[in-house]
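Here is the structure we will look at.
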């Protein structure tokens, strides 16, 4: 019990340190974005805001502020007829959402909005094949949303494989030692197979996720 409590305490402390580091770094990137704007360096402001948005921690205020900053910069750039800068800002919104995803995409709505805007802006003024803007926009949007991303099911299998390996190896080690201190491989066989199955699942999930 004491070991379990210590382990939980270590995990909590580790998460607290990690969260604090992420928040401090994110706030620093936002301040850098402010400084870049004060110097009139819009592209640098976008870069620092994207980094702040990518430094994701649940409930961290700098993440929301960073996404708002990126959207505001994109809209302002388009209003001033700076299409390339607007595209850069919207692509930064999308990239920040991709950088912070795992089992879920925390800012999926921002990612979807950014993809729609990227497709719209990419279609403006493109008439190489005499196609309507709406068709070009639809094609661009389809390409953006067909990104390579980890499949949630395989990531779950990956985690289950790790758990099976840990449980199986631990139990096999314990059950392999008999009461007289002798190795009892029959008792350890089932747990060893569990660990092996976990390893196989982990390898497949790692390859396919």
Just one of 206, 185 is within 30 Å of residue 102 (Cα to Cα), at pLDDT below 75 and loosely packed, with under 15 Cβ neighbours inside 10 Å; which is it? 206
Looking at this structure, is residue 74 in contact (Cβ under 8 Å) with a residue 24 or more places away in the chain and more than 30 Å from residue 157 (Cα to Cα)? yes
Is there a residue in segment 66-89 that is touching a helix residue (DSSP H, G or I) at 6+ places or on another chain (Cβ under 7 Å), modelled with pLDDT under 90, within 25 Å of residue 116 (Cβ to Cβ) and not in a helix (DSSP H, G or I)? no
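Answer yes or no: is there a residue in segment 42-50 that is free of Cβ contacts under 8 Å to residues at least 40 places away in the same chain, more than 17 Å from the chain's Cα centre (by Cα) and surrounded by fewer than 20 Cβ atoms within 10 Å (Cβ to Cβ). Spell out the reasoning first.
First pass over segment 42-50, keeping only residues free of Cβ contacts under 8 Å to residues at least 40 places away in the same chain: 44-45, 48.
So of that shortlist, the ones also more than 17 Å from the chain's Cα centre (by Cα) come out as 44-45, 48.
Still in the running and surrounded by fewer than 20 Cβ atoms within 10 Å (Cβ to Cβ): 44.
Yes: one or more hits.
The values are calculated or read from the model by the stated rules, or taken from the named source; none is laboratory data. Bear in mind that the values here come from a model prediction, so they are computed numbers and not experimental data. Cβ atoms come from the backbone with ideal geometry, glycine included; neighbour counts cover every protein chain shown.
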